[in-house]
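Enquirer: Quick one: the structure is below, questions incoming.
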Amino acid sequence: MTMVVTYEQALAIVQERISGANPLPPIDSVPLDQVRGRVLAEDVFADRDLPPFHRAIRDGYALRAADLSVLPAVLRCVGEVPAGRSYEAEVGSGQCVSIMTGAPLPLGSDAVVMVEHTRSVGDQVEIQRSVRQWENVVLQGSEAAVGARILPRGRRLQAAETGLLAAVGKGTVAVYRQPRVAILPTGDEVVPVEKLPQWFQIRNSNAVSLAAQVAEVGGAPAQLGIAPDRRDVLTEMIERGLKSDLLLLSGGVSMGKFDLVEEVLAELGAEFFFQGVAIRPGKPLVFGRVGDLFFFGLPGNPVSTFVTFELFVRPALALLGGAEFEPPVFLRARLASPCRQKAGLTMFMPARVWVQNRDPVVELVGWQGSGDLVGIAAANCFLVIHPDQTELAAGDWVDVMPKE
Ligand code: AMP
Ligand code: MG
């Protein structure tokens with residue numbers, strides 16, 4: 001009996017099964033300059049107000065906004081405060097202090113007038129424009145107050161997050177250990193990239209693209225080699241793969257006489273959560289568990305392998321790595337040319353999106369089906385066609401999933 005589910009059901013099953021079972025990975029303490037792409041294992045709090053003082057965001061004059069009720073106003077400049085210094089005295093009524101971007105607002109002042117709206121002669125400054133109270137100032141603690149949680153556990157650390165960690169003085173960060181992902185391509189016709197294939201053989205491209213995808217989600221790929229379509233060797237190699245944190249198989253999950261992956265997994269005591277998803281490409285996708293270890297049996301066609309990883313393995317791996325659930329996000333674009341599809345499947349077709357008259361426009365790339373790596377390399381997104389969208393006209397708004 002095979003269990004075929006819809007795209008939405010499959011995603012929900014992956015989320016439920018993995019977040020239900022998932023003990024969090026061990027924690028590493030890592031220097032800030034090495035955490036990009038890793039998953040935060042601690043809540044991080046502001047160690048001081050952000051900004052730490054009322055900060056000028058323009059070059060100009062710090063003054064009292066109330067002093068500008070009659071324009072032009074003439075104020076006396078009593079000092080200067082560049083970034084990295086402080087002005088210690090209080091600014092009184094009728095006074096101003098020359099201030100630069102990034103400097104702390106002097107006591108007594110409550111706004112900054114841009115230098116462009118002033119004229120200075122000696123210590124007299126003529127102000128030509130009024131300002132609201134706190135104009136051109138960011139108030140102390142307005143971005144985050146001291147003690148506020150600025151990053152939650154489970155957040156993936158990209159460039160912006162590392163900058164924020166630096167801003168609160170986190171030189172060393174607690175991150176989750178990267179899940180080890182075993183990659184096991186199967187197929188008698190599949191040969192290593194270094195080897196010159198015979199005319200009926202195929203190079204092992206899936207293991208390479210999968211390793212790159214695993215690394216992108218913060219996993220550590222481990223290549224197990226290529227399994228032949230033979231029960232005994234396949235069993236042995238799968239058993240080796242079951243020692244990692246996640247096992248990815250490619251190939252051998254269709255209906256062919258030598259598609260043995262599911263049989264072997266079943267003999268090893270696998271529990272299957274689904275054995276087919278109503279999507280194209282990628283329909284034969286399998287998801288299950290042997291003991292504590294989750295596995296995906298990805299269809300061998302390179303585009304199917306790639307797409308099923310993006311749709312299901314990517315969010316699964318994020319969860320296994322201690323990250324927040326990160327389901328695929330669909331954006332909207334206008335269809336360039338009409339499109340007809342069979343009902344009942346969710347399609348993910350290699351496509352290109354670009355901007356035309358401020359609207360995103362999407363068009364399918366020419367491709368020869370789910371084996372076509374050339375086609376997918378030419379794509380920058382997937383056009384998503386839902387099961388009920390059998391007829392789409394040029395100009396219709398459709399869903400698009402970015403490729404990376
Ligand atoms: P399968 O899912 O085993 O029926 O394979 C489907 C198609 O994908 C076949 O044309 C295979 O030759 C191809 N294929 C399987 N494994 C790989 C691989 N590791 N790299 C590239 N192509 C593969
Ligand atoms: Mg095969």
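The values are calculated or read from the model by the stated rules, or taken from the named source; none is laboratory data. What you are looking at is a predicted structure, and each value in this text was computed from that prediction instead of being measured. Virtual Cβ from ideal backbone geometry, glycine too; neighbours counted across all protein chains shown. Just the protein is used for accessible areas: all its heavy atoms, side chains included, with ligands, DNA and RNA removed. Shrake-Rupley method; radii C 1.70, N 1.55, O 1.52, S 1.80 Å.
Enquirer: Connecting C-alpha atoms closer than 10 Å in a GNM of the chain, tell me which of Arg85, Arg153, Arg203 has the biggest fluctuation.
Expert: Maximum among the listed residues: Arg85.
Enquirer: How far apart, in nm, are the 7 Å Cα→Cβ label points at Gln158 and Leu268?
Expert: 3.4 nm
Enquirer: Can you pull out the trypsin sites (Lys or Arg not before Pro) in the stretch 346-404 whose DSSP state is coil and whose Cβ has at most 13 other Cβ atoms within 10 Å?
Expert: Answer by residue number: Arg358.
Enquirer: Pairs of Cα atoms under 8 Å, at least six residues apart: use those to get the relative contact order of the chain, whole percent.
Expert: Relative contact order here is 16 percent.
Enquirer: A follow-up question, please. If packing is taken as the mean number of other Cβ atoms within 10 Å per residue, what is the order of 296-307, 361-372, 22-33, 336-347, highest first?
Expert: In decreasing order of mean packing, 296-307, 361-372, 22-33, 336-347 become 296-307, 361-372, 336-347, 22-33.
Enquirer: Moving on. I'd like the per residue volume of the convex hull spanned by the Cα atoms of the stretch 272-391, given in cubic angstrom.
Expert: Once divided by residue count, the hull of the stretch 272-391 is 120 Å³.
Enquirer: Could you pull out every residue, at least 5 positions away or on a different chain, whose amide H is within less than 5 Å of the one on Ile279? Hs are placed 1.01 Å off N in the peptide plane, and Pro or chain starts have none.
Expert: Answer set, sorted by chain and number: Thr346.
Enquirer: Can you pull the one-decimal nm distance between simple spin-label points at Glu324 and Glu404, each 7 Å off the Cα toward Cβ?
Expert: 2.4 nm
Enquirer: Residue-wise, which Karplus ³J(HN,Hα) couplings in Hz belong to the stretch 313-327, taking 6.51 cos²θ - 1.76 cosθ + 1.60, θ = phi - 60°, and x for glycine or proline?
Expert: 6, 4, x, 5, 5, 4, 4, 4, x, x, 8, 4, 5, 10, x
Enquirer: Whole-Hz ³J(HN,Hα) for each residue in the stretch 126-132, computed from phi via Karplus 6.51 cos²θ - 1.76 cosθ + 1.60 with θ = phi - 60°, x for glycine and proline: what do you get?
Expert: My calculation for the stretch 126-132 gives 8, 9, 9, 10, 8, 9, 6 Hz in order.
Enquirer: Can you give me the long-range amide H partners of Ala111? Hydrogens built in the peptide plane at 1.01 Å from N, cutoff under 5 Å, separation of 5 or more residues or another chain.
Expert: The answer is Leu63, Ala65, Trp134.
Enquirer: Name the residues whose placed amide hydrogens come within less than 5 Å of the amide hydrogen of Val191, ignoring near sequence neighbours (fewer than 5 apart) on the same chain.
Expert: It is Ile202, Arg203, Asn204, by chain and number.
Enquirer: Still on this structure: Could you please state, rounded to a whole Å, how far the C-alpha centre of the stretch 322-382 is from the C-alpha centre of the stretch 275-306?
Expert: The stretch 322-382 and the stretch 275-306 have Cα centres spaced 20 Å from each other.
Enquirer: Note the full-extension length gain between Glu116 and Val355 as 0.36 nm times their separation in residues minus their Cα-Cα distance, in nm to one decimal.
Expert: In short, 82.3 nm is gained.
Enquirer: Test of understanding: what is the full-extension gain from Phe45 to Leu71, defined as 0.36 nm times their sequence separation minus their Cα-Cα distance?
Expert: This chain segment gains 4.9 nm when fully extended.
Enquirer: Moving to a separate point now. For Arg332 and Glu88, what is the calculated FRET efficiency with R₀ set at 45 Å and r taken between the beta-carbons, to the nearest 0.05?
Expert: 0.25
Enquirer: Sticking with this structure for a sec: How long is the stretch 134-204 along each principal axis, judged by its Cα atoms, biggest number first, in Å?
Expert: 74, 28, 17
Enquirer: Here's a follow-up. In deg cm²/dmol and to the nearest 500, what is the mean residue ellipticity at 222 nm of the chain if only DSSP H runs of at least 4 residues count, each as -39500 (n - 2.57), divided by the residue total?
Expert: It comes out at -5000 deg cm²/dmol, rounded to the nearest 500.
Enquirer: Follow-up question, since we're still on this one. Explain nothing, just the number: relative contact order of the stretch 207-301, from Cα pairs under 8 Å at least 6 residues apart, as a whole percent.
Expert: Over the stretch 207-301, the number comes to 25 percent.
Enquirer: Kindly identify the stretch 193-237 as rounded, prolate or oblate by the Cα gyration tensor criterion: order the square roots of the eigenvalues as a ≥ b ≥ c, call it rounded if a/c is under 1.5, otherwise compare a/b with b/c, prolate if a/b is larger, else oblate.
Expert: Cα axes put the stretch 193-237 in the oblate bin.
Enquirer: In what sequence, highest mean first, do 311-318, 220-227, 187-194 appear when ranked by Cβ atoms within 10 angstrom?
Expert: Highest to lowest by the protection proxy: 311-318, 220-227, 187-194.
Enquirer: Also: So, with a 1.4 angstrom probe, what is the percent of accessible area on the stretch 53-203 that is carbon and sulfur?
Expert: Carbon plus sulfur share of accessible area: 51 percent.
Enquirer: Using the structure shown, list the pairs from Lys170/Lys403; Lys170/Lys243; Lys195/Lys243; Lys257/Lys403 with a Cα-Cα distance above 30 Å, or answer none.
Expert: Violating the 30 Å limit, Cα to Cα: Lys170/Lys403; Lys170/Lys243; Lys257/Lys403.
Enquirer: Right, next: Can you classify the chain as rounded, prolate or oblate using the Cα gyration tensor, where a ≥ b ≥ c are the square roots of its eigenvalues, rounded means a/c under 1.5, and otherwise it's prolate if a/b beats b/c and oblate if not?
Expert: prolate
Enquirer: For Glu239, project a label point 7 Å along Cα to C-beta. Then give me every residue of the stretch 267-304 with its amide nitrogen under 14 Å of that point.
Expert: Counting backbone N atoms under 14 Å from the label point, the list is 267-269.
Enquirer: Please work out the FRET efficiency for the pair Arg132 and Ala378, using the Cβ-Cβ distance as r and a Förster radius of 60 Å; give the result to the nearest 0.05.
Expert: For R0 = 60 Å, the calculated efficiency reads 0.70.
Enquirer: On to the next question. Which one of Ala393, Ala182, Ala174 has the biggest mean-square fluctuation once the chain is modelled by GNM with Cα springs under 10 Å?
Expert: Most flexible of the set in this elastic network: Ala393.
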